[in-house]
Amino acid sequence: MITLSSDFGSPYPAAMKGVLLANADSDPRLVDIAHDFPRQNVRAGAFWLREVLPYFPSAVHLVVIDPGVGTDRAALAVRAGDHALVGPDNGVLVPVARRLAGGDDIEAFEIEDDDAESSTFHGRDVFAPAAAAVHEAGIDRLETLDRCSPADGIVDFEFPEPALAEDTAMGEILVVDGFGNAITNIPGSVLDDRFGETVELNGESVPVERSYAHVETGEQLVTVGSHGNVELAVNQGRGERAFGIAVGDSVRLSRN
Amino acid sequence: MITLSSDFGSPYPAAMKGVLLANADSDPRLVDIAHDFPRQNVRAGAFWLREVLPYFPSAVHLVVIDPGVGTDRAALAVRAGDHALVGPDNGVLVPVARRLAGGDDIEAFEIEDDDAESSTFHGRDVFAPAAAAVHEAGIDRLETLDRCSPADGIVDFEFPEPALAEDTAMGEILVVDGFGNAITNIPGSVLDDRFGETVELNGESVPVERSYAHVETGEQLVTVGSHGNVELAVNQGRGERAFGIAVGDSVRLSRN
Amino acid sequence: MITLSSDFGSPYPAAMKGVLLANADSDPRLVDIAHDFPRQNVRAGAFWLREVLPYFPSAVHLVVIDPGVGTDRAALAVRAGDHALVGPDNGVLVPVARRLAGGDDIEAFEIEDDDAESSTFHGRDVFAPAAAAVHEAGIDRLETLDRCSPADGIVDFEFPEPALAEDTAMGEILVVDGFGNAITNIPGSVLDDRFGETVELNGESVPVERSYAHVETGEQLVTVGSHGNVELAVNQGRGERAFGIAVGDSVRLSRN
């Protein structure tokens, strides 16, 4: 199985599928993760990949969110647990690789990309052929691949850490999902004993509920999203608009 | 085969695919129906599922349009003909189940969902595991599933009926498709002998044609859409804008 | 393998998938190319299909960009190299067929469509059943298909040719991709010895670079896109807006 993730929209991902199928003799299943990740946004991609890919059984994951295509940024193949990730060395692979590895080591290999057909579409010309090669060789045999050598080190990426005190949590908005739910970096556990009550969110009192429909349509709430973090939402509406909040904005959550 | 339908946009459907593949040992084909169904809109989902799923051979259909996620609405597995449907008990499954059953009985089972990992994403945590279990057990063996029991009754859903008289039909707009075609609940048969002529539509004379390009680019027409209903359209344009009409609006079609 | 391309958006393509799977006993792989091709735009569809489909191994390609559905335009099955294309006779299949055939002959067959279930959705009622039949018969056996006969001739389509002089190239914008890159019909070879320098583009001096990130974020550049043509772009921005240019606009590129 090979999954595909990109910020390409359409129809460029189809060219990657063609290359995968032309290069992988074993006829792998292809699964689209998403191709509408926020454009050239490493942080959003890193977040969603970490949340989604661990639900898959062992697979090769092709990831192309690549604002530095055609520059000297490296191309990587990474082994993490029983998964492999193929994509640019800009940090987008790191959080999901750590989660997939589950505390074990991550092995990173650099893929030669000097003679790619294009300088603008390494998804098609570098990463898709590499993902097909990883699939054919086997996830535990990256060291056998042509044109791959152990990476000296890779670009790291970490999400900002929240500051948690006894009755206050300080964090920020990491991403806003398609429903308008504003997802923070504050762990949902801070709300464990507050369901059905309220918290103070940036100075305003907001109900804490287990899901959206526990408040009236159009009303604001704070909940724990499916990613396990505190989320600012509106029942059948857009949380980020109602709270007037955007990615990167600070969130102060007080239990008083 | 398991099909997937939701109003999730992206990338949440990918987490459901991961769960399906991790839970279904028989390596089922996955087919996306759509993930951009109008948000939390049971009526639009019910319409499109009824129009699309009957073209499929026997399959398990995972459907997650679920404004009541995390409340006490039930989770259902439904057998209808040689198909199974898995989704929330809010009516969205009912019109397609009736059509798939073709006059035969529909069997509905309630799925336990009390200990789901999240309260906000039952598509991933309740419905996808249930759809995988239905697929593995077999569509005609829902009664053998763990955590499933016969449902006492399910939430019904019926589309509004048109009022048909000899020379007049009164109906309403059920949905507007992506092209801007405004689809009514009036059966196309009322136009059977009127192609190439005109009808009066909410008081204005409009040509009746078999397809869009029978009128000039940008001109309005009334036609029979692929769903068999009367449709208000514009050749290479948006019918709902030209007719100034929206979902739920009344349509009076007169043959005089 | 059967690929699907359309301008249908959603959820109409799913009905085509149902029909393909109900009609193709051999359980073919289905691959979506795109369903958000510019609406009823033969030129844009023809461009993208020519750029994407040649990356695939041998396949049947179902293509439905069909502003003339329900009129007397013919329905075609075309053999080009070891690929088959099924779609309307409006030119959309021609550039990709020529490229897939690689100088060899293209064979075109006309598909009977007089008794289709609908007049508005031949993707579902004519082209999908025909694509399934082509898949089952074999790409080199189109002449054995029921309801198919050799076409007398097909609607041609050619992209406008650029005018290339020693130091000046005159062309036009063929399409704008989802990133906002404005793709011309001028071959990238005119830039071969200019990387790192500038050209005059409609009278303004613009840097020529191998990829986007060679200029600062938000700055304009001219590059060679993955299709091999000259492309007007902005690093992490939208080229068509920065250059104030749209599909069909003239581009004068001068090396002085």
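The values are calculated or read from the model by the stated rules, or taken from the named source; none is laboratory data. For clarity, every value in this text was computed on a predicted model and none was experimentally measured. Cβ placement follows ideal geometry from the backbone for every residue including glycine, while neighbour counts extend to all protein chains displayed.
Does the stretch C:143-156 hold any residues that are assigned to a helix (DSSP H, G or I) and either in contact with a helix residue (DSSP H, G or I) (Cβ under 6 Å, 6 or more places away or on another chain) or at pLDDT 95 or above (or both), and which are they? C:Thr144 - this is the single residue of the stretch C:143-156 that is assigned to a helix (DSSP H, G or I) and either in contact with a helix residue (DSSP H, G or I) (Cβ under 6 Å, 6 or more places away or on another chain) or at pLDDT 95 or above (or both). If you go through the stretch B:62-73 and pick out every residue that is in a loop (DSSP other than H, G, I, E, B) and either within 14 Å of the chain's Cα centre (by Cα) or more than 14 Å from chain A (Cβ to nearest Cβ) (or both), you end up with 2. So, in the stretch A:15-25, how many residues would count as being assigned to a loop (DSSP other than H, G, I, E, B) and farther than 16 Å from A:His61 by Cα? Residues in the stretch A:15-25 being assigned to a loop (DSSP other than H, G, I, E, B) and farther than 16 Å from A:His61 by Cα: 1 in total. From the list B:Ala213, B:Ala233, B:Ala242, exactly one residue is outside the structural domain of B:Ile65 (by TED's automatic domain parsing) and modelled with pLDDT under 95. Which is it? After ruling out the rest, the residue left standing is B:Ala213.
Residues that are more than 29 Å from B:Asn23 (Cα to Cα), surrounded by fewer than 18 Cβ atoms within 10 Å (Cβ to Cβ) and away from chain C (no Cβ under 14 Å): does the stretch A:112-127 have at least one? Looking for residues that are more than 29 Å from B:Asn23 (Cα to Cα), surrounded by fewer than 18 Cβ atoms within 10 Å (Cβ to Cβ) and away from chain C (no Cβ under 14 Å), one finds at least one in the stretch A:112-127, hence yes. Note on the stretch B:26-49: residues that are assigned to a helix (DSSP H, G or I) and aliphatic (A, V, I, L, M) amount to 4.
The residue list B:Gly103, B:Gly87 contains one member that is closer than 15 Å to B:Pro13 by Cβ and more than 12 Å from chain A (Cβ to nearest Cβ), which is B:Gly87. Note on the stretch C:186-244: residues that are over 20 Å from A:Pro67 (Cα atoms), touching a Phe, Trp or Tyr at 6+ places or on another chain (Cβ under 9 Å) and of a type outside the set (A, V, I, L, M, F, W, C) total 2.
Test C:Ala132 against the stated conditions and say whether it is among the aliphatic types (A, V, I, L, M) and without any contact (Cβ under 8 Å) to a residue 24 or more places away in the chain. No; evaluated as a whole, the condition is false for this residue.
Residue count for the stretch A:6-15 satisfying the condition of being closer than 22 Å to A:His83 by Cβ and either touching a Lys or Arg at 6+ places or on another chain (Cβ under 6 Å) or not assigned by TED's automatic domain parsing to the domain that holds A:His122 (or both): 1.
For beta carbons closer than 6 Å, sequence separation of 6+ or different chains, a first residue in the stretch A:85-96 that is part of a strand (DSSP E or B) and a second that is of a type in the set (D, E, K, R) and surrounded by fewer than 24 Cβ atoms within 10 Å (Cβ to Cβ), the qualifying pairs are A:Pro88/A:Arg73. Cβ-Cβ distances below 6 Å connect the following pairs, each with a first residue in the stretch B:192-206 that is under 17 Å from B:Glu172 (Cβ atoms), a second residue that is part of a loop (DSSP other than H, G, I, E, B), and a separation of six or more residues or different chains: B:Val199/B:Arg255. Looking across the stretch B:157-195, the residues that are charged (D, E, K, R), in contact with a strand residue (DSSP E or B) (Cβ under 8 Å, 6 or more places away or on another chain) and not in a strand (DSSP E or B) come down to B:Glu161, B:Asp167, B:Asp177, B:Arg194. Residues that are at pLDDT below 95 and aliphatic (A, V, I, L, M) occur at least once in the stretch B:114-121.
Going by the structure shown, is A:Ser211 over 19 Å from the mean Cα position of the chain (by Cα) and more than 12 Å from every other protein chain (Cβ to nearest Cβ)? No, not satisfied. Residues of the stretch A:208-238 that are outside any strand (DSSP E or B), more than 21 Å from A:Gly45 (Cβ to Cβ) and in contact (Cβ under 8 Å) with a residue 24 or more places away in the chain: A:Tyr212, A:Gln236, A:Arg238. Of all residues in the stretch B:158-172, those that are buried (at least 21 other Cβ atoms within 10 Å of the Cβ) and of a type in the set (A, V, I, L, M) total 1. The residues of the stretch B:128-157 include none that are of a type in the set (Phe, Trp, Tyr) and surrounded by 24 or more Cβ atoms within 10 Å (Cβ to Cβ). Considering only the stretch C:216-234, state which residues are of a type outside the set (S, T, N, Q), more than 11 Å from chain A (Cβ to nearest Cβ) and touching a strand residue (DSSP E or B) at 6+ places or on another chain (Cβ under 9 Å). Those that are of a type outside the set (S, T, N, Q), more than 11 Å from chain A (Cβ to nearest Cβ) and touching a strand residue (DSSP E or B) at 6+ places or on another chain (Cβ under 9 Å): C:Gly218, C:Glu219, C:Val222, C:Val230, C:Leu232, C:Val234. If you check B:Ala101 against the conditions, is it farther than 15 Å from B:His135 by Cβ and either crowded, with 21+ Cβ neighbours inside 10 Å or assigned by TED's automatic domain parsing to the domain that holds B:Ala130 (or both)? Here the answer is yes, as B:Ala101 does meet what is asked.
Looking only at residues of the stretch C:5-43 that are surrounded by 18 or more Cβ atoms within 10 Å (Cβ to Cβ) and at the interface with chain A (Cβ under 10 Å from one of its Cβ atoms), we find that the one that is farthest from the chain's Cα centre (by Cα) is C:Val31. Annotation: B:Val52 fulfils all but one of (1) assigned to a helix (DSSP H, G or I); (2) of a type in the set (Val, Ile, Thr); (3) under 13 Å from the mean Cα position of the chain (by Cα); (4) within 30 Å of A:Phe195 (Cα to Cα); the unmet one is (4).
In the stretch A:136-156, the residue that is nearest to A:Ala75 (Cα to Cα) out of those that are out of contact with any Leu (no Cβ under 8 Å at 6 or more places or on another chain) and touching a residue at least 60 places away in the same chain (Cβ under 8 Å) is A:Val155.
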